[in-house]
Amino acid sequence: MVIGQRELLLLLLMCQPACQAQPPPTTPAASGATERATGADPKTRVSALLAAIPRGEPVLGALTARQRTRLDQLLSSLSEQELNALLAPEGELARRRPLLHLMTGGRSHAALFALATTTAAADELLGLLEKPDEFGEVLATTNEVILRATLEWVGHAQRMLEEEQGLDVPFCEALDQVGATLGDVQLRYAARQLWLTLEASPAARLNLARAAIWNADWTAAREQYQAVTREPAKSPELEQFAEQIRHLLESSAALRRAPKSADEATAQARVQLGLKNPGAAAALLDRYAEQAPAHLGLATVRVLARFPDIPCAGVRAGLGNPPLCAFAQREGVFKSPLFHDLGQAWQAKHGRTTRSVLDFLGLSLVLPWRVASLLDASGVNPEPAKQLREMCEEVSGLAPEFVALSVFARTLEVGFQAAKVSPPGVAPRIPVADENELAQAALGLGSEQYASNALVSEMRDTAVLGTTALLSQQRDVRPLYALLKEQKALDAFVSQVALGAWLAAAWQDASLFERVKGEAIRVLERAREISLDTSDLVLLLAEAANAVESNAYNTETLALYTQGLLQPGVPSSLWLRAILHRAHLLEAGGEADQVDNVLRAALEGSTATAPDTPLAALLRLLIEARLVLRALPATGPKVALERFSGIFQKQLRPPSVVAWQRLWELELGARASLGACGQNAACKRAAQLTRKRAQAEVRGTIPPVTARLAERGVLTLGALELTLDYHPGLGLVSVVRTAPALVFLPWPAP
C-alpha cells in the first residue's frame, strides 16, 4: 500500500486553489422589479445604483471614546516596523485589523471591505471588551461601523467603474457582498448580471437566477436555471443549488391565491421567506396571530419573519462573530413575545409538520443552547442534548429523519456527559454500555429506509459519522465507517475522509486506506470547484500512509509534500507540522546531526513566532520539547526535566499531549532517581518499579485505539467537533468536524 509519485502529483495539482467562485450567501431582499434593474447594460446599471446610494460618515466616528482610547493604547505599544506593516494598504494586517489600520491614518479599501462584509468589526471591537456589560456598546458600534464602511466602499467602487479599473469577477462578487450588507437586491442583481458577462459558469448563472427571483424577474430566472440544467455533470454543490432555484420557481405559483387557513398562510409565508421578503411573510401571518400559541407552524414562521437574520439576528447582515451573535439574539429574539409562543405551540401539538418541528427544535432548543455555551460557559452541558433526543423520540413517527436525529442527539448527550465527568487533561471515556448502545443505534441506521430521500439520507449519514467519530478512539468502528456514503455537504465529506485516514493509520488497515484514497480524490475534485483549501487533508493522507506502512515510497511522499510546505506564506499549523516531519525523516534516515538545526530554525522563523491557530501554538511547544529531549544525555535528566516541564506551562494541552508529556516527565524523573541511586541495587529496583507503575497508570488514560498509534511513536493531534446548528432555510444541521493530525515523536519505552 503506497501513494505513488503519480498519485501524489495528482493530489498536489488538485490541491491548488481554483478560480471558480462559490455561490455567495443569500441575504434579506425586497420584492418587485424596478426600472433601475432593467434596461441599459449591466455596467451602467451598477454605476447608477451605486450613485443612488448615499455617502456615509467617517467610520472612526462610530467609535465610542472608550473604544478609541483602547485602540490608541494598542497603537502606542507597536514598534515602527509593526506600524509600517499595519499601514500597508494591501497588507494582511489591514484586513485582519481594519479599525486599527484606520486609526493609524490608513485608507485601505481592503480594510473598508473587510469591515463591510466580514466579521472583522465584531472581532476587533470584542477584542477591546473588558467587562461583559460592554456587550451592548460593542453591538451598537459594530452595526454602525459596518454601515459606514459599506457606504464609504461604495464610493470607491463607483470611482473604479468610472475609471474602468479592476472590472473582473472578484469585483462583481465584492459588489454582490456589499449589496448583501445593504440589503439592496437591485444592486446584487446588477452585479450578478455583470458577473455573467465576464464568466458564464453554472455558478454564475444560478446566482443570477436567484437574484432575478428576488427581483421578481421570473423569466430571467427560468432562462438561467434551464441553461444550467441542460448541461451534463454538475457537482453536488451545484445540484443542490439548482434544486433550491427549482423549488423557488415552482413554489411561487402558490402566491397567486389568497390563503384560507393558518396552514395555507404558513406555507405561503415560507415561500415569501425563500424569496427574501420577510415583510410580506409577516403580513400574511399577522391575520392569524391569535392562533400562533396553538399552531406550531404558524408560531415558528412568525419568529422567522420577524427575525430574518437568524442565526445572527441583531447584527447588520448577520456579520457578527459567535459571541456577538449570541448576545444580540439573547437581547432580541429570546425576549420577543413571538418567541414565547413557541413553547405553548409545541404543547398544543397542532401544526406539527417535519419542517415546523425542525424549526421549533432549532429556535427553541438549539439556538438557546449555543447562546448559553458561548455566554455562560456551559458548553459541556448534556441536558439540552437529552431534551432534544426526547423530543425527537416523541415525533419519531412523523418522519424517519427524526429517528436519525435522535441518534445524533444521543451521541451528543453521551459525549457531553463523558466530557463533564472526565478530569482535566484526561481523554473522556465512554462507558461500555453507552458505547454498545450508540454502535447498535448507528448500525440500525444502515437500513434502506434511511436512504429513500435526500434529507433523511443526509441526516442518517451525519448521525453515523458523528457516532463513528465519537467512538473511534475507544473501539473498532470500521464497521460503522463502512456504512458511510459520500457526504452531500463537502465539509462533512472532508471530515469523513479525514476520519477514515486516521482509522486506517490506527489499525494499519491497508484496504481501508485504499478506499480512503479514492474518497480523497473525490473530495479534492469537489474542492477545486469552490476553491476550498485541502492542504491539511493531503498532509494527513501522507502521514497516515506512513503510519499504515513505513516504506520507501511512503517516506518519499511525506518528504516531498512536507518540503513543499516549508515555504513562506504557508499557514503556521501546516508549516510547523512539516518541520516536525522533516526532523523525524532526517532522524530515521540516519541524518540526526541535522535535526537540531531544523528545529531551532523553526522556532526562530517568522511563521512559527506568530501562530495563527491553537494547533500551531501547540506544535511550537512540541518542537521546543523535542529539542530538550534531543539534548539528552548531555544536559542530564534532572536539568532536562526542569526544562521540559517548563515548556508545557505555557498553554493548555489536549489529553494526547498531556499523556505524552507525563510519560516523558516520569521517564526523566526515573533516570534522575536511578542516577542518584549510584551502585545501590535495591534503590534502582525501587526506582524502576515506581517508573513502571506510574507509566502504566498514564498509559491507562490513553484511549485504546489511540494507544495503538502511541505504541508506534505517533501522537494524535487535532480536534473533533460535534454540534448542531440551525439555519432557517436548511432547518437543523448536524455538524461533525474531524481534523486529525499525526505527528511522529519519540515515546518512552514501556
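The values are calculated or read from the model by the stated rules, or taken from the named source; none is laboratory data. None of these values were measured; they are calculated from a predicted model. Here the Cβ positions follow ideal geometry from the backbone for every residue, glycine too, while neighbour counts run over all protein chains shown. For accessibility, only protein heavy atoms count, side chains too; no ligands or nucleic acids. Shrake-Rupley method; radii C 1.70, N 1.55, O 1.52, S 1.80 Å.
For segment 202-248, place one equal point scatterer on every Cα, skip the solvent, and apply the Debye formula. What is log10 of I(q)/I(0) at q = 0.22 Å⁻¹?
The calculated log intensity ratios at q = 0.22 Å⁻¹ are -0.64.
Using the Cβ atoms and a cut-off under 11 Å, what net charge is assigned to the surroundings of Ala372, where Lys and Arg are +1 and Asp and Glu are -1?
Summing Lys/Arg as +1 and Asp/Glu as -1 gives 0.
Figure the gain on full extension for Arg685 and Arg712 (residue separation times 0.36 nm, minus the Cα-Cα span) and round it to one decimal in nm.
7.0 nm
Enter the accessible area per residue of the chain (Å², integer; probe 1.4 Å; all protein chains in place).
Per-residue accessible area for the chain comes out at 43 Å².
Check the straight Cα-Cα distances from Lys650 and name the aspartates and glutamates below 19 Å, setting aside those fewer than 8 residues away within the same chain.
Glu604, Asp612, Glu624, Glu642, Glu665
Stretch Leu398-Asp286 to full length: gain in nm at 0.36 nm per residue minus the Cα-Cα span?
Extending this stretch completely gives an extra 37.6 nm.
Here are some pairs, Lys488/Lys517; Lys335/Lys420; Lys386/Lys420; which of them have Cα atoms lying more than 24 Å apart in this structure?
Lys335/Lys420
What does the C-alpha gyration tensor say about the overall shape of segment 497-598? Classify as rounded when a/c is under 1.5, otherwise prolate if a/b is larger than b/c, or oblate.
Oblate is the answer for segment 497-598, as a/c is 1.5 or above yet b/c matches or exceeds a/b.
Grab the eigenvalues of the alpha-carbon gyration tensor for segment 614-661, scale each by 5, take roots, and send me the semi-axes largest first in whole angstrom.
So the three semi-axes of segment 614-661 are 20, 10, 9 Å.
For segment 674-716, what is the convex hull (Cα atoms) projected area averaged across all directions, in square nanometres?
3.7
Quick one: P(r) of segment 146-286 from all Cα-Cα pairs, 5 Å bins, percents rounded to integers, in order of increasing distance.
Percent of pairs per bin, in order: 2, 10, 17, 17, 17, 14, 11, 7, 3, 1, 0, 0.
Work out, step by step, the length gained on full extension between Arg55 and Glu231: first 0.36 nm times the residue separation, then minus their alpha carbon distance; give nm to one decimal.
59.1 nm
How many nm is it between the label spots at Val432 and Ala749, if each spot is 7 Å from the Cα in line with the beta carbon?
Rounded to a tenth, the inter-label distance reads 3.3 nm.
At 1.4 Å probe size, put Thr64, Thr44, Thr141 in order of accessible surface, largest to smallest.
My answer, sorted largest first, is Thr44, Thr64, Thr141.
Can you tell me how segment 382-528 classifies by the Cα gyration tensor, rounded, prolate or oblate, using a/c under 1.5 as the rounded cut?
oblate
Treating cross-link reach as a plain straight distance, find the lysines whose alpha-carbon is under 30 Å from the alpha-carbon of Lys684, omitting any fewer than eight places away in the same chain.
Lys684 reaches Lys638, Lys692.
Per q in 0.10, 0.12, 0.14 Å⁻¹, report the Debye log10 I(q)/I(0) for segment 300-411, using one uniform scatterer on each alpha carbon and no solvent.
Values, matching the q order: -0.30, -0.43, -0.59.
Just how much of His727 is accessible, in Å², when a 1.4 Å probe is used and the result is rounded to the nearest 10?
For His727, solvent-accessible area is about 70 Å².
How large, in percent, is the carbon and sulfur part of the accessible surface of segment 506-589 at a probe radius of 1.4 Å?
Heavy-atom surface of segment 506-589 belonging to carbon and sulfur, 1.4 Å probe: 52 percent.
With the Cα gyration tensor of segment 84-228 in hand, give its eigenvalues times 5 under a square root as the equivalent ellipsoid semi-axes, listed largest first in whole angstrom.
Sorted largest first and rounded, they come to 33, 19, 12 Å.
Starting from the coordinates of the alpha-carbon atoms of segment 539-645, obtain the Kirkwood hydrodynamic radius over all distinct pairs and give the value in Å to one decimal.
14.5
Quick one: net charge around Leu273, please, counting Lys, Arg +1 and Asp, Glu -1 for every other residue with C-beta under 13 Å from its C-beta.
Around Leu273, the surrounding residues sum to +3.
At most 10 other C-beta atoms within 10 Å and a DSSP loop state: those are the exposed trypsin sites (Lys or Arg not before Pro) I care about. Give me the longest piece of the chain that has none.
The answer is 261-750.
How charged is the neighbourhood of Leu248? Take every other residue with its Cβ under 12 Å from the Cβ of Leu248, and add Lys/Arg as +1 and Asp/Glu as -1.
Value of the local net charge: +3.
Distance from the Cα centre of segment 608-668 to that of segment 265-302, in angstrom?
Centre-to-centre (Cα) distance: 58 Å.
So what's the convex hull volume per residue for the Cα atoms of segment 607-750, in Å³?
132
Just to check I understand the Karplus step: with θ = phi - 60° and J = 6.51 cos²θ - 1.76 cosθ + 1.60, what whole-Hz values come out for segment 533-544, glycine and proline as x?
Residue by residue, segment 533-544 yields 6, 10, 4, 4, 5, 5, 5, 4, 4, 5, 4, 5 Hz.
Largest first and in whole Å, what are the equivalent-ellipsoid semi-axes of segment 442-536 based on the Cα gyration tensor, each being the root of 5 times an eigenvalue?
They are 20, 19, 11 Å, listed largest first.
Given the Cα atoms of the chain, and with Rh set as the inverse mean 1/r over their pairs in the Kirkwood sense, what is Rg to Rh to two decimals?
0.99
Would you mind checking the radius of gyration and Dmax of segment 234-300 based on alpha-carbon positions, in Å?
13.8, 46
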